[in-house]
Amino acid sequence: MIPLSYYLVLSGALFAIGTAGVFLRRNIITLLLSVEIMLNAVNLTFVAFGRQQGVVDGQIITFFVMTVAAAEAAVGLGLVIALFRGRESLNPEAFTALKW
Amino acid sequence: MGSDQLLFVGFGALALLGALAVVAQPNPVYSVIALIVSFFGLSGLYVLLESPFVAVVQIIIYAGAIMVLFLFVVMLLNATREDGSEWDRAHPYYRPGPMRLGAVLAVLFGVQMIWALTRTVGLGVGVGETRPAVESVRDVGRVLFTDYMFAFEVTSILILAAMVGAVVLARRREE
């Protein structure tokens, strides 16, 4: 049997990779992908704890997280297309209209 | 090492290496494909956790629908490489002071995580040794449509809002 801590460490490592991606990359699409990695790291924690407790709630919350991820991907990619149309660039530093 | 541990190491390595490849290499198309590989590893871990519903949904919805949407947009924008540095500029947070503060905060956070993981009781117990698994999709559906009914309905409104928002955002302005 695999101890619960293994799953938690794996999930933490995935979350750290996702966070590093958000801070280090200069491409909006890779930023969105890094957010997906973070959401999935949290999903793994939910399912592992739910399995440990013998309850179904962990799996159900995963379902809701996936729904939010789908909505986020749709709106995020819509934003990316709208931004790309104005600047012909995907570098987040290129968009300064709201900065002072 | 039993077969459980071998499978955990294999699927965990697949998930981790996929995620690393997403962040480490510059081509967004390969990033999306690496993320799909990572999702297959996670799906295997869900099977190990005896949650077949989540494992299948992970493949069908995440790898099948959301990632294809990403791939579609990457190819639509023809953004097969990371943009050059022509837009980069000195951000105030890149000065030495804020960067040192950020490094200290990151180290503190890591220490806190290690502290929490080593001090919590019961983390060494094997997953699923004490309680039976809730495997059947019937049980998942029953709880989803009774206890979580309100959240489920709110989800439908969220998706409707996201759909309208995506259409409005991506529409070409006529002016």
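Here is how the number arises for the protein assembly as shown: DSSP H runs of 4 or more residues each give -39500 (n - 2.57), the sum is divided by the residue count, and the result at 222 nm is -23500 deg cm²/dmol.
Neighbouring Cβ atoms from other chains, within 10 Å of the Cβ of residues in B:106-116, number 1 on average. By the beta-carbon count within 10 Å of each Cβ, the least crowded to most crowded order of B:VAL56, A:VAL47, fewest first, is B:VAL56, A:VAL47. Semi-axis lengths, largest first, of the ellipsoid equivalent to the protein assembly as shown are 34, 24, 17 Å, with √(5λ) applied to each eigenvalue of the Cα gyration tensor. Could you pull out which residues in the stretch A:36-51 have an amide N less than 15 Å from a spot 7 Å beyond the Cα of B:ASP139, following the Cα-Cβ vector? The answer is A:47-51. How many angstrom lie between the Cα centre of the stretch A:2-20 and the Cα centre of the stretch B:1-73? Centre-to-centre distance over Cα atoms comes out at 14 Å. Between A:PHE23 and A:GLN53, the simple label model (points 7 Å from Cα in the Cβ direction) yields a spacing of 3.1 nm. Ordering of B:22-30, A:29-37, B:125-133 by packing is A:29-37, B:22-30, B:125-133, highest average first (other Cβ atoms within 10 Å, averaged per residue). Model label points for A:GLU88 and B:ILE60, set 7 angstrom from Cα along the Cα-to-Cβ axis, are 4.4 nm apart.
The peptide list A:65-71, B:145-151, B:41-47, put in order of mean Cβ contacts within 10 Å with the highest first, becomes B:41-47, A:65-71, B:145-151.
Peptide B:24-37 is shielded by partner chain Cβ atoms: per residue, an average of 3 of them sit within 10 Å of its Cβ.
Phi angles across the stretch A:50-65 convert, under the Karplus curve 6.51 cos²θ - 1.76 cosθ + 1.60 with θ = phi - 60°, into 3J(HN,Hα) values of x, 5, 4, 7, x, 10, 8, 4, x, 5, 6, 5, 4, 4, 5, 4 Hz, Gly and Pro given as x.
No value in this document is a laboratory result; all are computed from the given coordinates. In this text the structure is predicted, and so the values were computed from the model without any measurement. Neighbour counts are summed over all protein chains in view; Cβ atoms, including those assigned to glycine, are modelled from backbone coordinates with ideal geometry.
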